[in-house]
1. Tell me which residues, restricted to segment 35-93, are part of a loop (DSSP other than H, G, I, E, B) and polar (S, T, N, Q).
2. If a residue has to be farther than 16 Å from Y36 by Cβ and not polar (S, T, N, Q) to count, how many in segment 96-126 make the cut?
3. Please find, among E87, E53, the residue that is without any contact (Cβ under 8 Å) to a residue 12 or more places away in the chain and closer than 21 Å to K116 by Cα.
4. Among the residues of segment 65-81, are any of a type outside the set (S, T, N, Q), modelled with pLDDT under 90, farther than 15 Å from L121 by Cβ and surrounded by fewer than 15 Cβ atoms within 10 Å (Cβ to Cβ)?
5. Considering every residue within segment 60-83, establish whether at least one is within 21 Å of I5 (Cβ to Cβ) and more than 10 Å from the chain's Cα centre (by Cα).
6. Answer with yes or no whether N30 is without any contact (Cβ under 8 Å) to a residue 40 or more places away in the chain, out of contact with any helix residue (DSSP H, G or I) (no Cβ under 7 Å at 6 or more places or on another chain) and outside any helix (DSSP H, G or I).
7. Restricting to segment 11-27, give me the number of residues that are out of contact with any Phe, Trp or Tyr (no Cβ under 7 Å at 6 or more places or on another chain) and either modelled with pLDDT under 95 or part of a helix (DSSP H, G or I) (or both).
8. Suppose the filter is surrounded by fewer than 14 Cβ atoms within 10 Å (Cβ to Cβ), among the aliphatic types (A, V, I, L, M) and either modelled with pLDDT under 95 or closer than 18 Å to K116 by Cβ (or both); does M1 pass it?
Amino acid sequence: MNLQIPDNINKILKDKEIWEENSFNPILVNVMNCNYNGKDVLSYQMQFDVDDEIGNLGRTMSLNDTFLDGDEWEDLIRRYIRLRNKELEEKIHSDSESSTCVIWLEEKNDFLETFKFVIELINIEDGKIYL
């Protein structure tokens, strides 16, 4: 299943403050307006609670009693993306904390590519990450 963000997202956000997609549970995707460094931008965001089992990788980590907080998940995701697309990784913003990993980008296409990498990472079959 591919993530689809509506082409008319700006119109949707005029009517509602936030657009959400939860079909990738436990990853919540949302788009909202925000002010970043004094500039109004769209925030294309994904987030998940670190207590949730996140894909094959999360199951493997749980079975091995390995637990990451939100900042550590973010670091893992950033390293994975950096090896595949350094320029994309440099565009990632975050608002992670101990219990939640939150990653956001300002551009829709960058977000969709990042989301694809995150899904790829968490669904690694053997749970082995090559960084």
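1. We begin by selecting, within segment 35-93, every residue part of a loop (DSSP other than H, G, I, E, B); these are 37-38, 50-54, 64-69, 85, 90-92.
Correct list: N37, N64, T66, N85.
2. The number of residues fulfilling the criteria is 15.
3. Details: E53 fails: without any contact (Cβ under 8 Å) to a residue 12 or more places away in the chain.
The unique qualifying residue is E87.
4. The answer is yes; a qualifying residue exists.
5. Restricting attention to segment 60-83, the residues satisfying the condition of being within 21 Å of I5 (Cβ to Cβ) are 77, 81.
Retained after the next criterion (residues that are more than 10 Å from the chain's Cα centre (by Cα)): 81.
Yes, segment 60-83 has at least one match.
6. Working: without any contact (Cβ under 8 Å) to a residue 40 or more places away in the chain: yes; out of contact with any helix residue (DSSP H, G or I) (no Cβ under 7 Å at 6 or more places or on another chain): yes; outside any helix (DSSP H, G or I): yes.
When the stated conditions are applied, N30 passes them.
7. Step one: of segment 11-27, the residues out of contact with any Phe, Trp or Tyr (no Cβ under 7 Å at 6 or more places or on another chain) are 11, 14-25.
Going one step further and asking which of them are either modelled with pLDDT under 95 or part of a helix (DSSP H, G or I) (or both), we end up with 11, 14-17, 22-25.
Final tally of qualifying residues: 9.
8. yes
The values are calculated or read from the model by the stated rules, or taken from the named source; none is laboratory data. Predicted, not measured: the structure shown is a model, and the values here were computed from it. Cβ sites come from the backbone with ideal geometry, for glycine too, and all protein chains shown count toward neighbours.
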